[in-house]
Amino acid sequence: MKDCKAKAAGKKPALKIAHRNDRAAVRHWLAGNGQALLPMLQLLDKAQASIDELMNEAARGLIEQLLVLSAQELAGAKLRGRAGGDVLWHGTQRGQVPLAERKLQVTRPRLRSKATLKEVAVPAYERLTGDARMAARVRDILVASVCARRYESVLPAVAGTVGVSNSAVSRRMVEASTEQLRALNERSLKDLKLLAIYIDGIVVDAHHVVGAIGVDEAGDKHLLGLAAGSSENAPVVKDLLGGMVERGLDPQLKYLFVIDGSKALRSAVDEIFGDRGQVQRCRTHKLRNVLERLPKEQRAQTKAVMNAAFKLEAKAGMDKLRQQAKWLQAEYADAAASLLEGIEEMFTVNRLGLPPTLMRCLTTTNIIEKPNGIVRSTTQRIKRWRDQDMALRWTAAGFLEAEKSFRKILGYEELWILRVALGRDRTPATKESKKAA
């Protein structure tokens with residue numbers, strides 16, 4: 001009854017599909033509503049947009065109708081008994097359209113010239129078959145937690161698709177991720193006005209990878225590089241920092257380095273930057289190291305004392321921690337020793353006079369935890385790690401994925417205070433000083 005009313009009003013009935021795999025209904029509806037696809041044809045024509053996202057049962061019918069519309073622009077509507085113009089319809093032929101993840105078999109229209117009888121290309125088909133972004137898209141799917149050996153499982157069950165083989169996916173992942181890693185470690189750092197540099201490591205399978213992220217004067221985060229090897233391995237860290245200098249990081253400027261308690265890391269910073277490297281030890285690591293050496297009933301009180309000390313001026317805060325260590329010494333000597341180790345570098349930001357808003361993010365390497373989390377989630381399905389290079393490539397893929405959603409650090413409006421404390425420039429002019437000038 002509703003369809004009758006719609007026809008009477010000059011409207012076409014809405015698409016009704018009893019089952020999501022009912023391709024016949026989809027094709028029938030698209031055939032009767034082809035004009036609705038004209039904006040998409042224009043998008044293909046002007047912007048060369050791909051159809052990568054049409055990964056469902058409607059993809060084949062949609063593409064075929066786009067091809068028909070494109071052919072109609074050259075040959076006009078296909079009407080029985082009509083001679084046609086300079087370009088004629090010449091039946092159909094099977095073809096393939098490479099989507100981002102697979103190749104889709106379609107039935108494409110054929111055209112020929114009336115004068116020469118030669119084949120005339122359908123514009124939309126030429127554009128769709130010219131999409132060369134398969135390798136990059138394959139890498140994106142793999143980074144989304146799909147193992148290469150289960151690649152086909154992420155594709156919709158579309159009849160006629162030709163799945164890409166496991167070996168082809170693996171090769172493309174290796175090629176794409178190798179190129180990404182190379183590009184990351186060759187990025188120019190010359191124009192980055194970095195103030196703070198975070199360095200931390202992650203264990204991927206049994207392999208260690210060290211990563212560095214920088215924060216510039218505007219509060220934006222930047223991936224600076226990755227190196228294979230533990231943060232306890234001094235040569236690896238020196239190579240990472242040395243490579244950053246070669247790519248444009250000025251070693252004559254002062255920087256705030258936020259690191260864990262690694263002696264190798266500290267040694268590498270000293271060797272390359274000397275006293276220009278202002279080191280802030282990660283308080284999250286310190287809390288963890290101290291508390292894990294205490295029984296559960298003692299942890300809350302020690303944690304409260306440490307957090308309170310971190311908010312004080314440098315001298316007062318260190319005195320408070322030394323007093324707590326003295327109290328712990330009798331029964332928990334290991335915890336006391338851990339608390340005192342590197343105590344002065346726990347208060348570097350306090351000595352620089354930074355406000356609490358900046359201290360929250362400049363006293364911990366948690367800024368690298370998000371990339372590390374993505375690396376863990378994207379690699380959890382991998383059962384076999386061939387070598388350290390594989391771990392490094394996957395870590396790079398995870399870090400680059402995290403970079404897409406990087407935001408400014410908390411308190412970035414007050415980074416000028418850090419800039420002044422590092423001797424980069426003078427305090428910003430106030431309204432009063434501008435009037436006086």
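Of everything in region 270-324 that's of a type in the set (K, R) and more than 24 Å from I367 (Cβ to Cβ), which residue is surrounded by the fewest Cβ atoms within 10 Å (Cβ to Cβ)?
The residue in question is K296.
Assuming K78 fulfils every condition listed in (1) surrounded by fewer than 16 Cβ atoms within 10 Å (Cβ to Cβ); (2) at pLDDT 80 or above; (3) basic (K, R) apart from one, which condition is it?
Every listed condition holds for K78 apart from (2).
Just to verify a result, which residue in region 385-417, among those that are out of contact with any helix residue (DSSP H, G or I) (no Cβ under 9 Å at 6 or more places or on another chain) and not in a helix (DSSP H, G or I), is modelled with the lowest pLDDT?
This residue is R386.
Can you find a residue that is surrounded by 14 or more Cβ atoms within 10 Å (Cβ to Cβ), in a helix (DSSP H, G or I) and either touching a residue at least 24 places away in the same chain (Cβ under 8 Å) or not hydrophobic (A, V, I, L, M, F, W, C) (or both) anywhere in region 253-262?
No, region 253-262 contains no residue that is surrounded by 14 or more Cβ atoms within 10 Å (Cβ to Cβ), in a helix (DSSP H, G or I) and either touching a residue at least 24 places away in the same chain (Cβ under 8 Å) or not hydrophobic (A, V, I, L, M, F, W, C) (or both).
Do you know which residues across region 309-331 are assigned to a loop (DSSP other than H, G, I, E, B), within 43 Å of the chain's Cα centre (by Cα) and not acidic (D, E)?
If the condition is that a residue be assigned to a loop (DSSP other than H, G, I, E, B), within 43 Å of the chain's Cα centre (by Cα) and not acidic (D, E), then K311, L312 are the ones that fit.
Among the listed residues G242, G261, which satisfies the condition of being under 22 Å from N366 (Cβ atoms), small (G, A, S) and more than 24 Å from the chain's Cα centre (by Cα)?
Of G242, G261, the one residue that is under 22 Å from N366 (Cβ atoms), small (G, A, S) and more than 24 Å from the chain's Cα centre (by Cα) is G261.
The values are calculated or read from the model by the stated rules, or taken from the named source; none is laboratory data. The structure presented is a predicted model; accordingly, all values stated were derived computationally and were not measured. Every residue, glycine among them, receives a Cβ derived from its backbone with ideal geometry; neighbour counts consider all protein chains shown.
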